[in-house]
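Visitor: Please see the structure below; I have some questions.
The values are calculated or read from the model by the stated rules, or taken from the named source; none is laboratory data. Nothing here was measured: the structure is a model prediction, and the numbers come from that model. Neighbour counts are summed over all protein chains in view; Cβ atoms, including those assigned to glycine, are modelled from backbone coordinates with ideal geometry. Note: accessible area is taken over every heavy atom of the protein model, side chains too, but ligands, DNA and RNA are not part of it. Shrake-Rupley method; radii C 1.70, N 1.55, O 1.52, S 1.80 Å.
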Amino acid sequence: MIDSHAHLFSDDFRQDLADVLNRSWAAGLEAIVVPGTNARTSREAVDLSARDERLFACVGIHPHEAVKATDEEFAGIAELAARPGVVAIGEIGLDFYYDFSPPERQEDVFRRQMLLAVERNLPVVIHTRESMSAAMEIVRSIARAHPAWRPESAGGEVKGRRGVFHCFTGTAEEARELFDLGFFVSFPGMVTFKNSPVVPVIKEIGLRNLLLETDSPYLAPVPHRGKRNEPSHLPLIAKAIAQILGVTPEEVVEYSTANAVRLFSLNIHVGTTQHL
């Protein structure tokens, strides 16, 4: 299993990160991807990746931070993007639910970081909330304008090389367009919530283009809902998706792990799914 999205630099993990990681490896995880949210946390994600070869960093400016992004911070993200252990630009995107940054500023910061990903030939990790249409328009225009950005290899049904829309809350139709553009989608613990709106979407789009994520320390799955989330809860998410689709948890792990390795170009040894 690979947790494709966990904020291990969070203050929630300051006191017991070593224990959190030990529980993750004991639960059967092979790797954890740690997306930054600004220059400081991106640097912390890179530092974490330097300390453990099973941790991989993403660097970027979250839409909540867009209004505070300076040219110096953009330069810092660009410098960090060249560091070992960095596998994507993220977490970037648009969030129109909260009023932390004006939409126009968010869109400018998002485009600028998408173009950095194109320049560095890195994938992106995208956050959306109440902003799917605007985010897809930006992604669509950049993907079409830069066909040489992480193009698909010949053959195969799974495409994603350009990025992942994490914590996906869009429609099945939107997901299918993203797949055609070279993106995956991922779902955290909300797949276990009663009457979760993502369940019918998962049933429609199936397994082939999914990643697993926890979004730790947020969105803990049932029975941990309302408490701190951590990567060791990933098997609960895999089992929930398996139940939704009527497949085995092992199949969910097989596809999602292969997709994460492909997307992030991970050079890891993948073990078994005996913990499921």
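Visitor: How charged is the neighbourhood of residue 123? Take every other residue with its Cβ under 9 Å from the Cβ of residue 123, and add Lys/Arg as +1 and Asp/Glu as -1. Present the calculation step by step, with values, prior to reporting the outcome.
Guide: Working: positive: 150, 161, 162; negative: none.
Value of the local net charge: +3.
Visitor: Continuing with this model, one more query. What percentage of the solvent-accessible surface of the range 1-43, computed with a 1.4 Å probe over protein heavy atoms, is contributed by carbon and sulfur atoms? Can you show the working numbers first?
Guide: On the way: 630 of 1480 Å².
Here carbon and sulfur together make up 43 percent of the probe-accessible area.
Visitor: May I have the extent of the alpha carbons of the range 158-259 along their three principal axes, as whole Å values ordered from largest to smallest?
Guide: For the range 158-259, the Cα spread along each principal axis is 36, 25, 23 Å.
Visitor: Sticking with this structure for a sec: Find the accessible area per residue for the chain; the probe is 1.4 Å, ligands and nucleic acids are left out, and the unit is Å².
Guide: On the way: 11840 Å² over 276 residues.
For the chain, the per-residue accessible area is 43 Å².
Visitor: Could you work out the relative contact order of the chain, using alpha carbon pairs under 8 angstrom and six or more residues apart, expressed as a whole percent?
Guide: Numbers: 570 pairs, mean separation 52.8, N = 276.
Relative contact order of the chain: 19 percent.
Visitor: Mind listing the Cα extents of the range 1-141 along all three principal axes, in Å, largest one first?
Guide: Taking the Cα atoms of the range 1-141, the three principal extents are 43, 29, 26 Å.
Visitor: Just one of [x] 32; [y] 28; [z] 43 is percent of Cα pairs over 28 Å apart as worked out from the coordinates here. Which one is it?
Guide: Matching entry in [x] 32; [y] 28; [z] 43: [y].
Visitor: Label the range 42-114 by shape, choosing from rounded, prolate and oblate, from the square roots a ≥ b ≥ c of the eigenvalues of the Cα gyration tensor; if a/c is under 1.5 it is rounded, and otherwise prolate applies when a/b is larger than b/c, oblate when it is not. Please report the intermediate quantities before stating the final value.
Guide: On the way: a/c = 2.63, a/b = 2.01, b/c = 1.31.
Prolate.
Visitor: Under 10 Å, Cα contacts only: if you run a Gaussian network model on the chain, which one of 209, 38, 121 comes out with the highest mean-square fluctuation?
Guide: 121
Visitor: With a 1.4 Å probe and all protein chains kept in place, how do 71, 215 rank by accessible area, largest first? Write down the numbers at each step before the final one.
Guide: Numbers: 71 110, 215 15 Å².
The ordering from most to least exposed comes out as 71, 215.
Visitor: Under a Cβ-Cβ cut-off of 13 Å, what is the net charge of the residues other than residue 248 that fall near it, where Lys and Arg count +1 and Asp and Glu count -1?
Guide: Net of charged neighbours comes to -2.
Visitor: First select every other residue whose beta carbon is under 12 angstrom from the beta carbon of residue 113; then total the charges, Lys and Arg +1, Asp and Glu -1. The partial results should precede the final answer.
Guide: Numbers: positive: 111, 112, 120; negative: 65, 73, 91, 107, 108, 119.
Summing Lys/Arg as +1 and Asp/Glu as -1 gives -3.
Visitor: So what is the relative contact order for the range 118-276, in percent, with contacts set as C-alpha pairs under 8 Å and at least six apart? Walk me through the numbers before you get to the answer.
Guide: On the way: 239 pairs, mean separation 30.3, N = 159.
Over the range 118-276, the number comes to 19 percent.
Visitor: Tabulate in residue order the Karplus-calculated ³J(HN,Hα) for the range 192-209, using 6.51 cos²θ - 1.76 cosθ + 1.60 with θ = phi - 60°, rounded to whole Hz; enter x for Gly and Pro.
Guide: With the stated coefficients, the range 192-209 comes to 9, 6, 5, 6, 4, x, 7, 4, x, 5, 4, 4, 6, 8, x, 9, 5, 10 Hz.
Visitor: What ranking, highest mean first, results for peptides 198-208, 124-134 when packing means the other Cβ atoms within 10 Å averaged over each residue? Show your work: numbers first, answer last.
Guide: Working: 198-208: 16.5, 124-134: 21.4.
Put in order of decreasing packing, that is 124-134, 198-208.
Visitor: Work out from phi, with θ = phi - 60° and the Karplus expression 6.51 cos²θ - 1.76 cosθ + 1.60, the ³J(HN,Hα) of each residue of the range 81-89, listed in order in whole Hz, and give x for Gly and Pro.
Guide: My calculation for the range 81-89 gives 4, 8, 6, x, x, 8, 10, 6, 9 Hz in order.
Visitor: Would you mind finding the longest exposed-site-free stretch of the chain, with exposed chymotrypsin sites (Phe, Trp or Tyr not before Pro) meaning DSSP loop and at most 13 other Cβ atoms within 10 Å?
Guide: Details: sites that count: 97, 98.
In short, 99-276.
Visitor: Could you sort 268, 2 by their accessible area in this structure, using a 1.4 Å probe and putting the largest first? Don't jump to the answer; show the numbers that get you there.
Guide: Numbers: 268 40, 2 5 Å².
My answer, sorted largest first, is 268, 2.
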